[in-house]
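**Student:** Please find one structure pasted underneath; my questions will follow.
The values are calculated or read from the model by the stated rules, or taken from the named source; none is laboratory data. Being a predicted model, the structure only gives us computed values, none of them experimental. Glycine gets a Cβ as well: all are built from the backbone with ideal geometry, and neighbour counts include every protein chain shown. What goes into the accessible areas is simple: the full protein's heavy atoms, side chains included, and nothing from ligands, DNA or RNA. Shrake-Rupley method; radii C 1.70, N 1.55, O 1.52, S 1.80 Å.
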Amino acid sequence: MLFWQDTDVGIDTFGRCRISHLFGLLANVQWGVNMSARRVVSSVFALYAIQGMQYVFPLLVLPIVTRAIGPDRYGTLSFWQALAALLTLFVEYGFGYSSIRAVNQTESSERRSSIFWSTTWAKLLLLLPATIMLAATASAIPARATMLLVFATWLPVLGAALSPAWYYIAIRQTVAVAAVSAGTSFASLLAMFAFVRTPADFNHAALIQLGMPLLAAIVLLLYQYLKLSPGRPYFDPRDVLARFREGFPLFMVSLSAGVYSSFNPFLLGLVTSSTQVADYALGERIVRAAKNAVQPILVAMYPYAAEGERSSTVTRKNLWRAAIATLAVSVAIFIGLVVLAPLAVRLLSGSAFLGAISTTQILSANVAIITAGNLLAVQYLIARGKERFVTVITVAAAPAHVISFMFAGRYYGAIGGAWAYVGIECLVTVALGVVVNRLRKSA
């Protein structure tokens with residue numbers, strides 16, 4: 001719902017650049033500028049140019065990993081990646097929406113600096129309970145846990161606590177984030193090619209896959225120190241508490257959505273075999289890579305949607321056109337995936353993962369469903385400060401999904417889990433549509 005969290009646990013990367021400068025979208029956009037059609041189109045095309053690399057590299061990594069370590073170990077790796085993704089959501093706490101919105105609704109550089117540092121401290125504070133939860137989970141399932149896997153799972157959580165990527169997005173100077181993401185994705189591909197060749201290289205695969213987000217966060221911090229200055233560091237407990245208070249509804253949204261998106265391989269691993277987890281996880285990742293084709297449009301839209309009443313009539317019209325285009329593209333991708341799933345699975349992972357064909361075809365419906373949910377929840381409700389509706393819907397859906405997903409996974413394996421996931425996404429998106437329709441009528 002809202003977004004498809006990446007169980008490869010990559011950082012959120014939303015590069016923006018102007019076509020005329022190749023990799024420099026919106027670097028000179030001033031606060032409060034109306035969204036022109038030309039600027040939006042240039043933003044989207046530039047995002048595709050930069051982030052295309054980021055989306056291609058994980059697909060190139062898949063055949064290396066799956067063919068080298070096999071279905072059983074790939075399922076184990078996906079199990080721990082899913083846990084890392086949920087803990088990452090916990091640390092990020094919804095600040096990627098609430099703090100971005102707060103920055104975009106002020107023109108004061110002092111206020112933006114305050115938001116940056118209070119958000120940074122809040123994320124670091126959340127790292128401790130996230131670490132405790134990881135240790136407790138490992139203790140509860142010792143048969144699946146090794147010291148190296150637990151350590152590797154902690155690395156992206158630390159990366160999420162340190163990463164300033166959200167701030168780059170907020171100030172619309174995020175080309176460095178996209179470039180770093182593409183660079184770390186390329187580094188991951190090279191490392192996999194060099195060090196992952198047989199099932200004995202499973203530990204190498206885990207460290208490479210799970211360690212790259214931390215590397216990306218470190219590079220972003222270095223770039224920030226050299227190029228961007230959010231003001232002198234300080235700690236004000238009142239500001240930190242304000243960030244927690246503002247972000248709480250969106251924290252509940254993102255965490256609940258994560259339970260029925262990025263956490264699914266972990267849930268499936270609790271009730272069935274690692275091979276079934278592998279079939280589900282591979283299908284999920286193929287679909288996610290396809291879904292990312294519409295992500296640049298959604299990313300380009302959100303800062304303008306977050307302007308709310310400050311936006312012009314022209315901006316609102318262009319946002320509406322962008323929403324229609326995004327939904328149309330997502331439906332086309334859904335249809336294409338259903339047709340091409342057998343070819344995609346065979347090319348990426350060979351005959352050992354043929355069970356992933358069905359899960360890919362089923363999950364492909366979520367490309368359109370999740371995109372529609374994002375348009376309703378993020379671009380309309382959250383951007384207008386109506387996140388309480390999103391919170392109620394997603395929080396209510398999370399336990400229902402856990403029960404239905406684990407039941408279907410236990411008796412029907414990866415295919416049952418896939419149908420359960422698509423079903424809950426449909427229910428959530430319909431509920432969001434009803435809320436938006438009522439709000440528009442009452443406006």
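**Student:** Can you find even one residue in region 142-152 that is out of contact with any strand residue (DSSP E or B) (no Cβ under 6 Å at 6 or more places or on another chain), of a type in the set (Ser, Thr, Tyr) and without any contact (Cβ under 8 Å) to a residue 60 or more places away in the chain?
**Tutor:** Within region 142-152, one or more residues are out of contact with any strand residue (DSSP E or B) (no Cβ under 6 Å at 6 or more places or on another chain), of a type in the set (Ser, Thr, Tyr) and without any contact (Cβ under 8 Å) to a residue 60 or more places away in the chain.
**Student:** Just to be sure I understand, how many residues within region 260-281 are of a type in the set (Val, Ile, Thr) and surrounded by 24 or more Cβ atoms within 10 Å (Cβ to Cβ)?
**Tutor:** The qualifying residues number 1.
**Student:** When residues of region 161-196 are filtered for being open to solvent by 30 Å² or more (accessible area, probe 1.4 Å), under 20 Å from VAL299 (Cβ atoms) and in a helix (DSSP H, G or I), how many remain?
**Tutor:** 3
**Student:** Related question: Test LEU363 against the stated conditions and say whether it is without any contact (Cβ under 8 Å) to a residue 40 or more places away in the chain and in contact with an Asp or Glu (Cβ under 9 Å, 6 or more places away or on another chain). Step through it out loud before you land on a result.
**Tutor:** On the way: without any contact (Cβ under 8 Å) to a residue 40 or more places away in the chain: no; in contact with an Asp or Glu (Cβ under 9 Å, 6 or more places away or on another chain): yes.
Taking the combined requirement at face value, the residue does not satisfy it.
**Student:** Let me ask you something else. What pairs come up if the first residue lies in region 377-402 and is on the phi > 0 side of the Ramachandran plot, the second is assigned to a helix (DSSP H, G or I) and modelled with pLDDT under 90, and their beta carbons are under 9 Å apart, counting only those six or more places apart or on different chains?
**Tutor:** So the pair list comes out as GLY385/ARG101; GLY385/GLY308.
**Student:** Can you find a residue in region 309-325 that is in contact (Cβ under 8 Å) with a residue 40 or more places away in the chain, acidic (Asp, Glu) and over 20 Å from ILE286 (Cα atoms)? Before you say what the answer is, go through the steps one by one.
**Tutor:** As a first pass, look at region 309-325 and keep what is in contact (Cβ under 8 Å) with a residue 40 or more places away in the chain: 310-312, 314-315, 318-319, 321-323.
This time we only want the ones that are acidic (Asp, Glu), so: none.
The answer is no; no qualifying residue exists.
**Student:** Moving on. Since LEU226 meets every condition but one in (1) in contact with a helix residue (DSSP H, G or I) (Cβ under 9 Å, 6 or more places away or on another chain); (2) among the aliphatic types (A, V, I, L, M); (3) open to solvent by 30 Å² or more (accessible area, probe 1.4 Å), which condition does it not meet?
**Tutor:** Result: LEU226 fails condition (1) only.
**Student:** Something else about it: Please name all residue pairs, on different chains or six or more residues apart, with Cβ atoms under 6 Å, provided the first residue is in region 255-272 and is more than 21 Å from ILE141 (Cα to Cα) and the second residue is of a type in the set (Phe, Trp, Tyr) and at pLDDT below 95.
**Tutor:** Pairs that qualify, where the first residue is more than 21 Å from ILE141 (Cα to Cα) and the partner is of a type in the set (Phe, Trp, Tyr) and at pLDDT below 95, are SER261/TRP4.
**Student:** A further question on this structure: Restricting attention to region 73-106, and to residues there that are among the polar types (S, T, N, Q) and at pLDDT 90 or above, which single residue is nearest to ALA383 (Cα to Cα)?
**Tutor:** Looking at the filtered set, the residue picked out is THR88.
**Student:** Here's another thing I want to ask about it. How about region 94-125: which of its residues are outside any helix (DSSP H, G or I) and open to solvent by 20 Å² or more (accessible area, probe 1.4 Å)?
**Tutor:** GLN105, THR106, GLU107, SER108, listed by residue number.
**Student:** Quick check on VAL435: is it closer than 28 Å to GLY247 by Cβ, open to solvent by less than 10 Å² (accessible area, probe 1.4 Å) and touching a helix residue (DSSP H, G or I) at 6+ places or on another chain (Cβ under 9 Å)?
**Tutor:** Here the answer is no, as VAL435 does not meet what is asked.
**Student:** Another question, then. Which of the following residues is closer than 24 Å to GLU246 by Cα, open to solvent by less than 60 Å² (accessible area, probe 1.4 Å), of a type in the set (A, V, I, L, M) and under 21 Å from the mean Cα position of the chain (by Cα): LEU158, LEU134?
**Tutor:** LEU158
**Student:** In region 235-258, is there at least one residue being within 30 Å of PRO63 (Cβ to Cβ) and either in a helix (DSSP H, G or I) or of a type in the set (A, V, I, L, M, F, W, C) (or both)?
**Tutor:** Checking region 235-258: at least one residue is within 30 Å of PRO63 (Cβ to Cβ) and either in a helix (DSSP H, G or I) or of a type in the set (A, V, I, L, M, F, W, C) (or both).
**Student:** Here is a check on your reading of the model: is GLY211 under 15 Å from THR88 (Cα atoms) and under 18 Å from the mean Cα position of the chain (by Cα)?
**Tutor:** So GLY211 fits the description; yes.
**Student:** Could you identify the single residue in ALA82, ALA145, ALA122 that is touching a helix residue (DSSP H, G or I) at 6+ places or on another chain (Cβ under 7 Å), within 22 Å of SER261 (Cβ to Cβ) and hydrophobic (A, V, I, L, M, F, W, C)?
**Tutor:** Among ALA82, ALA145, ALA122, only ALA82 is touching a helix residue (DSSP H, G or I) at 6+ places or on another chain (Cβ under 7 Å), within 22 Å of SER261 (Cβ to Cβ) and hydrophobic (A, V, I, L, M, F, W, C).
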